[in-house]
Amino acid sequence: MLTMTSQDLMALEDKHGAHNYHPLPVVLAKGDGVYVWDVEGKRYYDFLSAYSAVNQGHCHPRIINALKDQAETLTLTSRAFYNDQLGEYEQFATEYFGFDKLLPMNTGAEAVETAIKLCRKWAYEKKGIAEEQAQIIVCSNNFHGRTTTIISFSNDPDARKNFGPYTPGFVKVEYDNLEALEAAIQENDNIAGFLVEPIQGEAGVYTPADDYMSKAKAICEKYGVLFIADEIQTGIARTGALLAVCGNCTCAGHCEQQEATYTRPDILILGKALSGGVYPVSAVLADDHIIEVIKPGQHGSTFGGNPLAAAVATAALNVVKDEKLAQNARKLGQRFRAEMQKLVDESDLLTLVRGRGLLNAVVINDTPDSSTAWDICLKLRDHGLLAKPTHGNIIRFAPPLVMTEEQLMDCVGIIRKTILEF
Ligand SMILES: *Cc1c(COP(=O)(O)O)cnc(C)c1O
């Protein structure tokens with residue numbers, strides 16, 4: 001039998017696959033918890049977690065069992081019929097996050113598109129904005145996915161250039177700038193919503209001022225603008241709380257104590273870790289007075305709300321709660337940033353560390369077009385840890401949340417050793 005090496009497999013992708021990614025040269029064949037293994041059997045710590053989709057760790061047995069059981073029973077009916085999993089999942093998830101209703105989709109970008117459509121329709125039917133005039137405020141350096149509409153309001157040239165004509169209806173303001181947000185709303189009578197990431201993950205883990213979310217929400221409320229939180233990357237315990245908008249509350253699930261620090265979105269967008277990285281599952285949550293504007297036939301998806309997705313997402317959310325992943329992310333995150341800060345103080349190579357919970361990044365002391373961050377990631381790989389640069393000179397560190405403190409310190413050792421070698 002012919003066994004393919006990593007080199008062979010990379011060559012195959014290179015030859016037969018579109019070149020829309022630039023992967024780190026490592027070919028993974030197996031995952032378990034915080035670890036992944038390459039084709040040759042070498043083990044690595046996963047410090048990307050599939051962009052925070054694998055918060056619950058690779059191949060979590062409870063999620064995989066839910067997948068297997070449901071896969072053997074019923075996978076897809078389409079929404080032309082009811083299925084016996086969706087209602088229970090919707091009840092569970094809406095109670096878990098504290099909203100009246102949920103609209104199920106598959107990928108993150110689809111959920112963002114859904115939120116945009118929901119916001120626009122609400123604007124025409126509830127707020128009374130004239131037809132075709134609704135505008136949604138977005139932030140500079142946002143990342144909300146890859147559809148034609150979503151890249152229309154990106155300012156990343158790679159994401160945007162030569163994909164026009166672009167979808168109109170979006171106004172851009174500076175991130176973490178409350179004056180700019182309020183001014184944009186005051187200048188335009190047709191603002192329907194404000195779409196924002198509580199932390200800008202893809203942009204390089206930009207962490208805004210502590211009160212940015214709550215004050216932005218207050219501004220939105222003052223002007224009758226929907227506050228739409230894209231928690232696809234920051235949600236589901238990643239930042240040391242169930243949602244990044246939960247603030248300091250670490251309990252998994254909607255709770256009473258939460259109210260003190262919680263900035264409640266009008267529309268909440270979830271994806272990625274909603275399934276623990278096992279299956280594409282995304283969702284938009286909102287209360288009745290908003291979500292009721294969507295009527296039968298006006299929005300949908302063949303796979304959205306399928307029984308397999310419902311079973312997987314329920315298991316994935318139960319794992320987050322039962323294994324107290326938010327609490328663990330908070331504790332380990334504090335330790336990690338403290339250790340990285342020591343390294344920043346010691347090494348000229350690192351400019352700073354920032355983040356919340358286990359969504360962190362270090363900025364490399366070099367220009368964004370330098371290869372330094374990439375070279376560091378190659379060395380980290382050689383030492384058994386996988387991370388990826390974002391925007392040239394930033395390295396995001398986001399391990400699965402099931403990590404132990406001992407494993408984290410092992411990883412800190414690898415990062416230390418690698419940085420000090422340069
Ligand atoms: C990943 C991501 C998306 C897009 O999700 P896909 O599943 O890749 O379509 C949208 N918003 C944010 C904040 C993300 O991190």
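The values are calculated or read from the model by the stated rules, or taken from the named source; none is laboratory data. As the structure is a prediction and not an experimental result, all values here were calculated from the model. Note that we place each Cβ from the backbone using ideal geometry, even for glycine, and neighbour counts take in every protein chain shown. Ligands, DNA and RNA are stripped out before the accessible areas are found, and what is left, the full protein with its side chains, is counted by its heavy atoms. Shrake-Rupley method; radii C 1.70, N 1.55, O 1.52, S 1.80 Å.
Quick check for you: which residues of the stretch 382-403 have the amide N under 20 Å from the point 7 Å beyond the Cα of residue 420 toward its beta carbon?
So the set is 382-386.
Quote the FRET efficiency, to the nearest 0.05, computed for residue 223 versus residue 172 with a Förster distance R0 of 22 Å and r equal to the Cβ-Cβ distance.
0.80
Along the stretch 123-133, what does the Karplus equation 6.51 cos²θ - 1.76 cosθ + 1.60 (θ = phi - 60°) give for ³J(HN,Hα), rounded to whole Hz, x for Gly and Pro?
4, 6, 8, 10, 8, x, 6, 5, 3, 6, 9
Where does the charge balance sit around residue 401 when Lys and Arg score +1, Asp and Glu -1, over other residues with C-beta under 11 Å from its C-beta?
Within the 11 Å Cβ shell, the charges total +3.
In Å and from the alpha-carbon atoms only, list the Rg and Dmax of the stretch 303-397.
For the stretch 303-397, the Cα-based Rg and Dmax read 17.3, 52 Å.
Calculate the dipole size of the stretch 62-322 relative to its Cα centre from +1 charges on Lys and Arg beta carbons and -1 charges on Asp and Glu beta carbons; express the result in debye to the nearest 20.
The calculation lands at about 540 debye.
What is the calculated FRET efficiency for residue 292 to residue 383, with r their C-beta to C-beta distance and R₀ = 45 Å, to the nearest 0.05?
The pair residue 292/residue 383 has a calculated efficiency of 0.25.
Select from 73, 228, 151 the residue farthest towards the positive end of the dipole of the stretch 62-322; place +1 on Cβ of Lys and Arg, -1 on Cβ of Asp and Glu, and compute about the Cα centre.
73
Where Lys and Arg each count +1 and Asp and Glu each count -1, what net charge lies around residue 391 among other residues with Cβ under 9 Å from its Cβ?
-2
5 Å is the cut-off here: which amide hydrogens, built 1.01 Å from N in the peptide plane, fall below it relative to residue 105, excluding neighbours closer than 5 in sequence?
For residue 105, whose amide H was placed from the backbone, the distant partners under 5 Å are 282, 283, 284, 305.
Which of the aspartates and glutamates could a cross-linker bridge to residue 101, judged by Cα under 19 Å and excluding same-chain residues fewer than eight apart?
The qualifying aspartates and glutamates are 84, 88, 90, 110, 113, 125, 230, 231, 266, 287, 288, 292.
Working from Cα positions, state the angle (0 to 90°, nearest 10) between the long axis of helix 372-382 and the longest principal axis of the chain.
Tilt relative to the chain: about 60 degrees.
Tally Lys/Arg at +1 and Asp/Glu at -1 over every other residue whose Cβ is under 15 Å from the Cβ of residue 369; what's the total?
Charge balance in the 15 Å sphere: -4.
Over the stretch 361-422, what is the mean sequence separation of C-alpha contacts under 8 Å (at least six apart), divided by residue count, expressed as relative contact order in percent?
Relative CO of the stretch 361-422 lands at 36 percent.
Normalised by the number of residues in the chain, what is the relative contact order in percent for Cα pairs under 8 Å and 6+ residues apart?
Here the relative contact order equals 23 percent.
Compute, for residue 22, the solvent-accessible surface of its heavy atoms (probe 1.4 Å) with the complete set of protein chains present, and express it in square angstrom to the nearest 10.
Spelled out: residue 22, probe radius 1.4 Å, area about 120 Å².
Pairs of alpha-carbon atoms within less than 8 angstrom and 6+ residues apart define the contacts here; what relative contact order does the stretch 144-235 have, in percent?
25
Highest first, please rank the peptides 179-186, 142-149 by the mean number of other Cβ atoms sitting within 10 Å of their residues.
Per-residue Cβ counts within 10 Å, averaged per peptide and sorted highest first, yield 142-149, 179-186.
How big is the chain by the Kirkwood estimate over distinct Cα pairs, in Å?
22.2
For the Cα atoms of the chain, what angle does the longest principal axis make with the long axis of helix 178-187, in degrees from 0 to 90, nearest 10?
30
Distance cut-off 18 Å, Cα to Cα: go down the list 321/388; 331/379; 342/379; 121/215; 126/295; 215/331 and report the pairs above it.
Among 321/388; 331/379; 342/379; 121/215; 126/295; 215/331, the Cα-Cα distance tops 18 Å for 321/388; 331/379; 342/379; 121/215; 215/331.
Taking only protein heavy atoms into account and a 1.4 Å probe, give the accessible area per residue of the chain in Å².
44
Which angle from 0 to 90°, rounded to the nearest 10, does the C-alpha axis of helix 61-71 make with the longest principal axis of the chain?
60
Say each of residue 91 and residue 15 gets a label point 7 Å from the Cα, pointing the same way as Cα to Cβ; how far apart are those two points in nm?
5.4
Given the stretch 62-322, what percent of its DSSP beta bridges are antiparallel, to the nearest 5?
40
For a label point 7 Å from the Cα of residue 62 along Cα→C-beta, name the residues of the stretch 295-315 whose backbone N is under 20 Å from it.
Output list for this probe position: 308-315.
Out of the total accessible area of the chain (probe 1.4 Å, heavy atoms of protein only), what percent is carbon and sulfur?
Carbon with sulfur: 51 percent of the solvent-accessible area.
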